[in-house]
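Just so you know, all these numbers are worked out from the coordinates, no wet-lab data involved. Here the structure is a predicted model, which means the values were calculated and not measured. In this analysis, Cβ positions are derived from the backbone assuming ideal geometry, glycine residues included, and neighbour counts consider all displayed protein chains.
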Amino acid sequence: SPTSLPRRRATSTGSFILKSPSNVARRTLCGLFEPKIFVLTLCTPSDCITLALNRILPPELRPDICVSGFNHGANLGEDATYSGTVAGAMEASILGVPGVAFSLVATRSFDFTECKKVAVQVVKKALADGLPDFTLLNVNVPKGAPKGIKVTKQGFKAAKRVISEHMDPRGKPY
């Protein structure tokens, strides 16, 4: 079935830009499992999912699962709420399609070889066993070959006051 994917737009979170025109171009690319038709759109990940599920795909081609990623870097704890990768999977789950977000926990040298293997394993398991309605999986894969997969709940961070006021050279606060 067709897959929709945004052009890379870092840290776009769950924002929507549907008020702006979006380009849609059909291309044949190779997906994780078999060659598929991809729809490339100039929009945020949330827009991409909304367009795909509510406009581009006919009902008979509605996907069984939405895979979002691979994110360059971890999406851990509450920081996941700022992620376009997680937002894409979340939008799918809100629209009734289970969503899975994948992130490679690395800061440099983004080799996605092992991450792809984990993604295939997780998606096959989710498709075989099913996921509860409105479920979002946020999968963070460590750099290198993982020793296994552990299911846990989303963590929380102790927020600290990180906003400070200063004066610029012209005497204006920022």
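Summary of computed values
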{"quantity": "Only Lys, Arg (+1) and Asp, Glu (-1) charged, at Cβ; the stretch 66-173 dipole about Cα centre in debye", "calculated": "380"}
{"quantity": "Pair Ala158, Thr135: separation of 7 Å Cα→Cβ label points (nm)", "calculated": "3.3"}
{"quantity": "Residue-wise HN-Hα coupling along the stretch 156-171, computed from phi with Karplus coefficients 6.51, -1.76, 1.60 (Hz; x: Gly, Pro)", "calculated": "10, 10, 7, 5, 10, 6, 10, 9, 10, 9, 9, 10, 7, x, 8, x"}
{"quantity": "Of Lys116/Lys157; Lys117/Lys147; Lys117/Lys150, pairs whose Cα-Cα distance is over 20 Å", "calculated": "Lys116/Lys157"}
{"quantity": "Solvent-free Debye scattering, log10 I(q)/I(0), computed from the Cα coordinates of the stretch 55-174 at q = 0.10 Å⁻¹", "calculated": "-0.40"}
{"quantity": "Residue-span extension gain [Leu76 to Asn54] - 0.36 nm each, minus C-alpha spacing", "calculated": "5.0 nm"}
{"quantity": "Estimated vicinal HN-Hα couplings, Hz - the stretch 138-151 in sequence order (Karplus 6.51, -1.76, 1.60; Gly, Pro = x)", "calculated": "10, 9, 10, 9, x, 5, x, 7, x, 7, x, 10, 10, 8"}
{"quantity": "³J(HN,Hα) computed for each position of the stretch 118-135 - Karplus, 6.51 cos²θ - 1.76 cosθ + 1.60, integer Hz, glycine/proline x", "calculated": "5, 4, 4, 4, 5, 5, 4, 5, 5, 5, 5, 8, x, 10, x, 3, 6, 8"}
{"quantity": "Amide H within-cut-off set for Ser68, under 5 Å, with H built and near neighbours excluded", "calculated": "Val100, Ala101, Phe102"}
